[in-house]
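> First the structure, then my questions, so here it is.
The values are calculated or read from the model by the stated rules, or taken from the named source; none is laboratory data. This one's a predicted model, so the numbers in the text were calculated from it and none came from an experiment. We place every Cβ from the backbone using ideal geometry, glycine too, and count neighbours over all the protein chains shown. The area values use the complete protein model at the heavy-atom level, side chains included, leaving out ligands, DNA and RNA. Shrake-Rupley method; radii C 1.70, N 1.55, O 1.52, S 1.80 Å.
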Amino acid sequence: MADFPKVRMRRMRQSEIIRGLVRETHLNIEQLIYPLFIAEHIEEPREISSMPGIMQWPLKYVGQEAKRIAQLGIPAVLLFGIPSEKDEVGSQAYDSQGIIQQAIRRFKAEAPDLLVMTDVCLCEYTNHGHCGVIDNGNVQNDESLKLLARMALSHVVAGADIVAPSDMMDGRVGAIRHALDEHGYSSTPIMAYSAKYASGFYGPFREAAGSAPQFGDRRSYQMDPSNVREALREVDLDIAEGADIVMVKPALAYLDVIRRVRDHCDLPIAAYNVSGEYAMIKAAAQQGWIDERRIVMEVLTGIRRAGADMIITYFAPEVAQWLSES
């Protein structure tokens, strides 16, 4: 090259101090959201076998865990509920005394400054495991919107700071926004799972949340992994309906989608570093094949570099500890 030896790129890589000065992408504790599973039917924390280190939490331990998360400096949690009883319409999802509604109140009582986000979807609450109402073997879009809006409203009444619809029903952001505004919660943000793909990376989550479909799959409402232009349409529709944050899920195999969404809109972007991504790293680390800390930091930095403003990750406690040590 004509510029060599005058131009030497290695000059700015000689020490950690220099590398830090010119670092383009930064990963901070303030960008982390920690997902938690709250289960109604257990008395003691139960480790999820496919996700080492991740637990299902009984309600009586929620306050203790909330304090631990807050002390680590993690700013936000995303709650998933596992009820003891399920039915065709997921009625426990919008019960004022449901497991998540109770958990929200405990989180806010024990760690009031911790931002509580809640997943809004019926799959953990229905006996068929699908994300909406079933009729003749099919998920009914419009009939499901009323229940999803009811669920979101019940979370906000209980004290949730942000609701996050993940069901992928058409129009659900608008239905939730209307319900919240109508009841005086116009200031509550919506974090929409806008580009949620029908992915094999969700496998361990099915065990964690007890939400595997009892028949068929979710490809009729979650996105085809081959599509990216469709993701941009989904983002546009959610923004038009009132979304305040848009999300891409999963993250690692969809970094190009995160980048396209980043270039496409100005809203904050969340990326979900999902259960399968977590499990693969944990499994390889347990075998001694990789350096877990190094790989996790590299993966999350890559998600940030692609354009995500915030990352939902099961690694949040470890990363918060590592960042505080650096």
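> Which condition breaks for SER50 when tested against (1) within 30 Å of ALA284 (Cα to Cα); (2) part of a helix (DSSP H, G or I)?
Going through the list (1) within 30 Å of ALA284 (Cα to Cα); (2) part of a helix (DSSP H, G or I), SER50 breaks only (2).
> Name, by its number, the condition in (1) more than 29 Å from ALA243 (Cβ to Cβ); (2) open to solvent by less than 10 Å² (accessible area, probe 1.4 Å); (3) charged (D, E, K, R) that does not hold for GLU298.
Answer for GLU298: the failing condition is (2).
> Go through segment 267-295 and count every residue that is in a loop (DSSP other than H, G, I, E, B) and open to solvent by 10 Å² or more (accessible area, probe 1.4 Å).
Looking only at segment 267-295, we keep the residues that are in a loop (DSSP other than H, G, I, E, B), and these are 267-268, 274, 287-291.
Pick out the ones that are also open to solvent by 10 Å² or more (accessible area, probe 1.4 Å) and you get 267-268, 287-291.
Count: 7.
> Mind checking whether some residue in segment 32-41 is farther than 30 Å from ALA285 by Cα, in contact (Cβ under 8 Å) with a residue 24 or more places away in the chain, touching a Leu at 6+ places or on another chain (Cβ under 8 Å) and open to solvent by 50 Å² or more (accessible area, probe 1.4 Å)?
Our first condition is that a residue be farther than 30 Å from ALA285 by Cα; within segment 32-41, this holds for 40-41.
Narrowing further to those that are in contact (Cβ under 8 Å) with a residue 24 or more places away in the chain: 40-41.
Imposing the further condition that a residue be touching a Leu at 6+ places or on another chain (Cβ under 8 Å) reduces the set to 40.
Then keep just the ones that are open to solvent by 50 Å² or more (accessible area, probe 1.4 Å); that gives 40.
Yes: segment 32-41 contains one or more residues that are farther than 30 Å from ALA285 by Cα, in contact (Cβ under 8 Å) with a residue 24 or more places away in the chain, touching a Leu at 6+ places or on another chain (Cβ under 8 Å) and open to solvent by 50 Å² or more (accessible area, probe 1.4 Å).
> Right, here's the next one. Can you tell me which residue is least open to solvent (accessible area, probe 1.4 Å) among those in segment 146-204 that are at positive phi and out of contact with any Lys or Arg (no Cβ under 7 Å at 6 or more places or on another chain)?
The first filter runs over segment 146-204 and keeps only residues at positive phi, leaving 159, 168, 171, 184.
Those still in the list that are out of contact with any Lys or Arg (no Cβ under 7 Å at 6 or more places or on another chain) too: 171, 184.
Values: GLY171: 27, GLY184: 63 Å².
Applying the filter and picking the extreme gives GLY171.
> With the checklist (1) crowded, with 23+ Cβ neighbours inside 10 Å; (2) of a type outside the set (Lys, Arg); (3) modelled with pLDDT of 95 or more; (4) touching a Gly at 6+ places or on another chain (Cβ under 9 Å) in hand, flag the one item TYR125 doesn't pass.
The single condition TYR125 does not satisfy is (3).
> Moving on. Among the residues of segment 71-80, is there at least one that is in a helix (DSSP H, G or I), at pLDDT 95 or above and either open to solvent by 10 Å² or more (accessible area, probe 1.4 Å) or under 17 Å from SER154 (Cβ atoms) (or both)?
Step one: filter segment 71-80 for residues in a helix (DSSP H, G or I), giving 71-72.
Then keep just the ones that are at pLDDT 95 or above; that gives 71-72.
Still in the list and also either open to solvent by 10 Å² or more (accessible area, probe 1.4 Å) or under 17 Å from SER154 (Cβ atoms) (or both): 71-72.
Yes, the conditions are met somewhere in segment 71-80.
> With the condition kept exactly as written, say whether any residue in segment 208-217 is crowded, with 23+ Cβ neighbours inside 10 Å and part of a strand (DSSP E or B).
Within segment 208-217, the subset crowded, with 23+ Cβ neighbours inside 10 Å is 208-209.
Those still in the list that are part of a strand (DSSP E or B) too: none.
No, that holds for no residue.
> State all residues of segment 225-241 that are out of contact with any Cys (no Cβ under 9 Å at 6 or more places or on another chain) and either over 19 Å from ARG172 (Cα atoms) or buried (at least 18 other Cβ atoms within 10 Å of the Cβ) (or both); if no residue qualifies, say none. Quick ask: steps written out before the conclusion?
To start, the set of residues in segment 225-241 that are out of contact with any Cys (no Cβ under 9 Å at 6 or more places or on another chain) comprises 225-231, 233-234, 237-238, 240-241.
Those that are out of contact with any Cys (no Cβ under 9 Å at 6 or more places or on another chain) and either over 19 Å from ARG172 (Cα atoms) or buried (at least 18 other Cβ atoms within 10 Å of the Cβ) (or both): PRO225, SER226, ASN227, VAL228, ARG229, ALA231, GLU234, ASP238, GLU241.
> Restricting attention to segment 296-312, does a residue exist that is out of contact with any Lys or Arg (no Cβ under 6 Å at 6 or more places or on another chain), farther than 23 Å from PRO75 by Cβ, part of a helix (DSSP H, G or I) and in contact (Cβ under 8 Å) with a residue 60 or more places away in the chain?
Here is the first cut: in segment 296-312, the ones out of contact with any Lys or Arg (no Cβ under 6 Å at 6 or more places or on another chain) are 296-305, 308-312.
Still in the running and farther than 23 Å from PRO75 by Cβ: none.
The answer is no; no qualifying residue exists.
> Turning to a different aspect of this structure: Across segment 97-130, what is the total count of residues that are more than 21 Å from GLU143 (Cα to Cα) and assigned to a strand (DSSP E or B)?
So the count comes out to 4.
> Among (1) open to solvent by 100 Å² or more (accessible area, probe 1.4 Å); (2) closer than 27 Å to ALA271 by Cβ, where does ILE17 come up short?
Result: ILE17 fails condition (2) only.
> While we're on this one: Six or more apart or on different chains, Cβ atoms under 8 Å: show the pairs whose first residue is in segment 1-13 and within 19 Å of ARG23 (Cβ to Cβ) and whose second is among the small types (Gly, Ala, Ser) and at pLDDT below 90.
Final answer for the pair search is none.
> Tell me, yes or no, whether segment 140-157 has at least one residue that is of a type in the set (Gly, Ala, Ser), farther than 15 Å from TYR193 by Cβ, touching a helix residue (DSSP H, G or I) at 6+ places or on another chain (Cβ under 7 Å) and modelled with pLDDT of 95 or more.
Yes, segment 140-157 contains at least one residue that is of a type in the set (Gly, Ala, Ser), farther than 15 Å from TYR193 by Cβ, touching a helix residue (DSSP H, G or I) at 6+ places or on another chain (Cβ under 7 Å) and modelled with pLDDT of 95 or more.
> Scanning segment 244-255 for residues that are more than 13 Å from the chain's Cα centre (by Cα) and surrounded by fewer than 24 Cβ atoms within 10 Å (Cβ to Cβ), which turns out farthest from THR313 (Cα to Cα)?
ASP244
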